[in-house]
Amino acid sequence: MYRIFIIEDDFSLARAMKKQIESWGHEVRCAEDFQNVMQAFMEYDPHMVLVDIMLPFFNGYHWCSEIRKISEVPVIFISSVSDNMNIVMAMNMGGDDFIAKPVDLNVMTAKMQALLRRTYDMGSRVPVLEHRGAVLNLNDTSLVYEGQKIDLTKNEFRILQTLMEQRGKVVSRDTLMTKLWQMDVYVEENTLTVNVNRLRRKLEAAGLRNFITTKIGSGYLIE
């Protein structure tokens with residue numbers, strides 16, 4: 001299941017698109033505040049964005065360029081302004097595809113599925129986890145944020161990987177202990193606290209504040 005973010009001010013069309021995409025098993029969120037699209041984008045952390053060109057306050061080109069500053073998530077432009085100049089402009093601004101209005105929902109779905117396969121085919125691409133612009137490379141265990149590489153220990157990487165894989169869910173301390181040290185005979189529980197606190201300091205030093213939330217009595221959470 002992929003998370004799809006729709007930036008479309010024609011709410012009847014947005015609802016129809018949402019219903020169609022959800023029928024394929026994906027999760028969908030539609031933008032509501034067209035002055036603060038990036039805040040919603042970062043909170044939702046989608047796998048794909050569908051964006052209209054003509055929007056209130058700022059056009060789709062603006063939002064695509066803003067998204068490209070922090071993410072390589074695939075972007076499909078949807079617009080009734082479908083002349084060659086606008087299609088070329090959409091691609092030059094960082095778009096991956098273009099769908100002309102009136103939207104054929106079946107064509108839209110086919111294009112989305114093809115782009116999702118190309119983008120997230122783990123056999124042909126480096127597997128990564130991404131949240132709030134932080135990219136965790138599962139091949140070389142590196143973390144990159146805003147162009148800077150954050151060095152992680154083996155245990156810090158495993159903690160972050162587990163929390164990012166379960167984004168939006170509370171991960172218990174027991175789960176993390178099992179994930180980290182299942183090969184060891186015994187490890188003090190305080191060791192987990194030390195590792196989490198050290199990881200937090202590294203994230204905050206890089207500008208990722210409040211990235212990991214503590215749920216007292218439950219565990220840890222990346223929201």
If I build a Gaussian network model for the chain, linking alpha-carbon pairs within less than 10 angstrom, which residue out of Phe98, Phe77, Phe57 has the largest mean-square fluctuation? Phe57
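At 222 nm, what helix-only mean residue ellipticity would the chain give, in deg cm²/dmol to the nearest 500, using -39500 (n - 2.57) for each DSSP H run of four or more?
Values: 8 runs with 91 residues, N = 223.
Calculated from helices alone, the mean residue ellipticity at 222 nm is -12500 deg cm²/dmol.
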Compute the distance from the alpha-carbon center of the stretch 63-97 to that of the stretch 1-45, in whole Å. 16 Å
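Could you calculate the contour length gain from Thr175 to Glu43, that is, 0.36 nm times the residue separation minus the distance between their Cα atoms, to one decimal place in nm? Walk me through the numbers before you get to the answer.
On the way: separation 132, 0.36 × 132 = 47.52 nm, distance 2.50 nm.
Length difference between fully extended and current span is 45.0 nm.
To the nearest 0.05, how large is the calculated FRET efficiency for Ala110 and Asp10 if R₀ is 30 Å and r is the Cβ-Cβ distance?
The calculated FRET efficiency here is 0.90.
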Counting other C-beta atoms within 10 Å, and keeping those with at most 16, which DSSP coil GluC sites (Glu not before Pro) do you find in the stretch 1-88? Glu32, Glu72
Per residue, how much space in cubic angstrom lies within the convex hull of the C-alpha atoms of the stretch 3-120? 94 Å³
How many times 2.2 N^0.38 Å is the alpha carbon radius of gyration of the chain? 1.15
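About its Cα centre, what dipole magnitude does the chain give when the only charges are +1 on Lys and Arg Cβ and -1 on Asp and Glu Cβ, stated in debye to the nearest 20? If you can, show how the numbers build up before the last one.
Values: 26 positive and 29 negative charges, 104 e Å.
Using Cβ point charges on Lys, Arg, Asp and Glu, the chain gives about 500 debye.
Bear in mind that the values in this text are calculations on the coordinates, not laboratory data. Because the structure is predicted, anything quoted here is derived from the model rather than measured. A quick note on method: Cβ atoms are made from the backbone with ideal geometry, for glycine too, and the neighbour counts reach across all protein chains shown.
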